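Engineer: What follows is a structure written as structure tokens; I'll ask about it next.
Derivation of every value follows stated rules applied to the coordinates shown; laboratory data play no part. What you see is a predicted model; the values in this text were computed from it and never measured. Please note: Cβ atoms are built from the backbone with ideal geometry, for glycine as well, and neighbour counts cover all protein chains shown.
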Amino acid sequence: MTFKRASGILLHPTSLPSPYGIGDLGPQAFRFIDWLASTGCKLWQILPLGPTGYGDSPYQCFSAFAGNPYLISPDDLFENGLLTQSDLDVMKENANASKVDFGLVIPKKLNLLTQAFSRFDSAPESLQKEFKKFCKQNADWLDDFALFMALKESNGGGAWNGWSDKLKRRDEAELKKAIKELSHEIKKYAFYQFLFFRQWNKLRAYANSKGIQIIGDVPIFVAYDSADVWAHPELFFLDKHGNPTVVAGVPPDGFSATGQLWGNPLYDWKAHKKEKYAWWLSRLQATLNLVDILRFDHFRGFAGYYEIPAHHTTAEHGKWKKGPSHDFFKAVDKFLNKGKGLPIIAEDLGLITPDVIELLQAFKLPRMKILQFAFSGPENPFLPHQYESNSVAYTGTHDNDTAFGWFATADEKEKDFARRYLQISGNDFAWDLIRAVWKSVAMFAIAPMQDVLGLGGDARMNFPSKLGGNWEWRMTEHDFREDLAAGLRDLNWLSLR
């Protein structure tokens, strides 16, 4: 796939303004699209859209196929007669404008969705027919997911390895019994997915009509407590009880003496190859039904991944294993674009070995360049003079501090190099980085919305080694500023984006 020189903004929908305590797919999302189009930017990058669980991370979802019900717009449900004004008023109570209070928002949002579902039987016949059509078209993943969520609810919300042995191993008779007993709950979870996809598809179509493409995120690993692992245990390294035997992570490095123990179950790539990567291909197609371009998170794991025994408490004693590499991407290329090139951006940060570089080059995949990582010296590969055109340049990502937050805490040597290299004072550091990546040869240039707004470290989206307090940042409706739009518009013209 040939990408054209362009620029964009990284902003997850939960960070959009709304009166309901969390960003959603309603009026303010459409307003953001209008604002983004006015800047001349052609790209909107988001994080994974899946249903989040404990920790509220979009990278730990209950399904790689489903959508997050917390993103459903109450305003849209009101317009469809599924909610009343009093329902909306309750949702608005104590809604914090600057941060998502997940503990407050989630029970209120679920109560709201339950209210909408209770009125669905009285909804217009056209909407009910649309729901039935949606369920039929998505049955290959929706049936398992809705049943998984209904069983999870009936088991007190616990992970599936705590269910009865028959349910864990998907005993056919036990599943039939559960489907009959939980039919109401199964329909409820399917209904939530119907609402999400209905709203998202409308928003995406609007973005595309404004000349904006959406970059979506594909985490390489899935959560253990997910419909994916429960429904397809043969595709993962699990024991006879359904527990992981080995898990994902990264080895010790300069940032962590004990490495990072992520805990995600690892794929049995031989099993995936045997079924011609059918699950993965379905997953990628499902994601491309929602977005235009895919960002493969932790791309290096396809060349080689780090395997840690599941009983270990640190990542110190794992070992590297060969990934599916060329064989997998040949199948992806044939399935998605029949040899015409892949709509994929590779997140190639971290330990990059020759086999990773060779894989990137073989499929001509653009790599990521993070300017915030660049200021150690003139040989740093993240400096703009080192970029290639087939790359995507960022001021920073969702896992970094904001540009101003970084500059405030960086050591003086790095700050001095940044000032000298960029020929700046540092007083407008976020926009100094934006201007640098926009004017680089990189095919795409992207900045988090926090950097466009010039915000400090308290607006950081995620701190990978920190438990709690992540994924909470939100912009306000006053942040759709014309002066910022004008600045981006001028910069896009100056840099031919």
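Engineer: Run the simple label-point estimate for Ser209 and Asp399 please: 7 Å along Cα→C-beta, distance reported in nm.
Structural biologist: Spacing of the two 7 Å Cα→Cβ label points: 3.7 nm.
Engineer: Evaluate E = 1/(1 + (r/R0)^6) for Val90 and Asp165, where r is the Cβ-Cβ distance and R0 equals 51 Å; express this FRET efficiency to the nearest 0.05.
Structural biologist: Efficiency at R0 = 51 Å is approximately 0.80.
Engineer: Which whole-number percent is the relative contact order of the stretch 4-60 (Cα, under 8 Å, 6+ apart)? Spell out each step's value before the answer.
Structural biologist: Working: 58 pairs, mean separation 20.9, N = 57.
Computed value for the stretch 4-60: 37 percent relative contact order.
Engineer: For Leu10, list long-range residues whose amide hydrogen, built 1.01 Å from N in the peptide plane, is under 5 Å from its own amide hydrogen.
Structural biologist: Sorted by chain and number, the residues that satisfy this are Gln45, Ala447, Met449.
Engineer: Report, largest value first, the span of the C-alpha coordinates of the stretch 32-147 along each principal axis, in whole Å.
Structural biologist: Computed over the Cα atoms, the extents are 41, 36, 34 Å.
Engineer: Which aspartates and glutamates have a Cα lying under 20 Å from the Cα of Lys466, excluding residues fewer than 8 positions away in the same chain?
Structural biologist: Within the straight-line limit of under 20 Å, Lys466 reaches these aspartates and glutamates: Asp56, Asp101, Asp253, Asp297, Glu316, Asp399, Asp401, Asp458.
Engineer: With each label point set 7 Å from Cα along the Cα-Cβ vector, what nm distance links Lys466 and Lys99?
Structural biologist: Once both label points are built, they end up 1.0 nm from each other.
Engineer: Give the separation of the Cα centroids, the stretch 105-149 to the stretch 1-61, in Å.
Structural biologist: 23
Engineer: What FRET efficiency would be calculated for the residue pair Phe335, Lys132, taking the C-beta separation as r and a Förster radius of 41 Å, to the nearest 0.05?
Structural biologist: 0.90
Engineer: Going toward the positive end of the dipole of the chain, with +1 on Lys and Arg Cβ and -1 on Asp and Glu Cβ, which of Pro343, Trp406, His317 do you reach last?
Structural biologist: Result: Pro343.
Engineer: Just in the stretch 100-134: which chymotrypsin sites (Phe, Trp or Tyr not before Pro) are loop by DSSP and have at most 14 other Cβ atoms within 10 Å?
Structural biologist: none
Engineer: For each of Trp230, Trp35, count neighbouring Cβ atoms within 10 Å of the residue's Cβ, then give the residues from fewest to most. Don't skip to the end; give the middle numbers.
Structural biologist: Values: Trp230 26, Trp35 19.
Final ranking by Cβ density, sparse to dense: Trp35, Trp230.
Engineer: Just need the relative contact order of the stretch 4-163 here, percent rounded to a whole number, with Cα pairs under 8 Å and 6+ apart.
Structural biologist: 21
Engineer: Using a Cα-Cα cut-off of under 29 Å, which lysines could be cross-linked to Lys132, ignoring same-chain neighbours fewer than 8 residues away?
Structural biologist: Lys108, Lys109, Lys152, Lys168, Lys176, Lys177, Lys180, Lys187, Lys188, Lys202
Engineer: Something else about it: Extending each Cα 7 Å along its Cβ direction at Lys322 and Lys240, get the distance between those two points in nm, one decimal.
Structural biologist: Computed distance between label sites Lys322 and Lys240 equals 3.1 nm.
Engineer: Further question on the same structure: Cβ under 11 Å from Gln260's Cβ, Gln260 left aside: what net charge do those residues give with Lys, Arg +1 and Asp, Glu -1?
Structural biologist: My count for the surroundings of Gln260 gives -2.
Engineer: Something else: So how do His241, His317, His298 line up by other beta-carbon neighbours within 10 Å, fewest first? Working shown, then result.
Structural biologist: Numbers: His241 9, His317 12, His298 21.
By the 10 Å Cβ count, ascending, the order reads His241, His317, His298.
Engineer: Please arrange Glu153, Glu412, Glu347, Glu307 by how many other C-beta atoms lie within 10 Å of their C-beta, fewest to most. Don't jump to the answer; show the numbers that get you there.
Structural biologist: Numbers: Glu153 13, Glu412 7, Glu347 20, Glu307 17.
Least crowded to most crowded, the residues run Glu412, Glu153, Glu307, Glu347.
Engineer: Quick one, which of (i) -0.67, -0.82; (ii) -1.04, -1.17; (iii) -0.81, -0.99 is the actual log10 I(q)/I(0) by the Debye sum over Cα atoms at q = 0.10, 0.11 Å⁻¹ calculated for this model?
Structural biologist: Recomputing log10 I(q)/I(0) by the Debye sum over Cα atoms at q = 0.10, 0.11 Å⁻¹ here gives the entry labelled (iii).
Engineer: State, as an integer percentage, the relative contact order of the chain based on alpha-carbon contacts under 8 Å between residues 6 or more apart.
Structural biologist: 19
Engineer: Stick to Cα atoms and the Kirkwood definition of Rh, then tell me Rg/Rh for the stretch 347-417.
Structural biologist: Numbers: Rg = 13.4 Å, Rh = 13.3 Å.
That ratio is 1.00, to two decimals.
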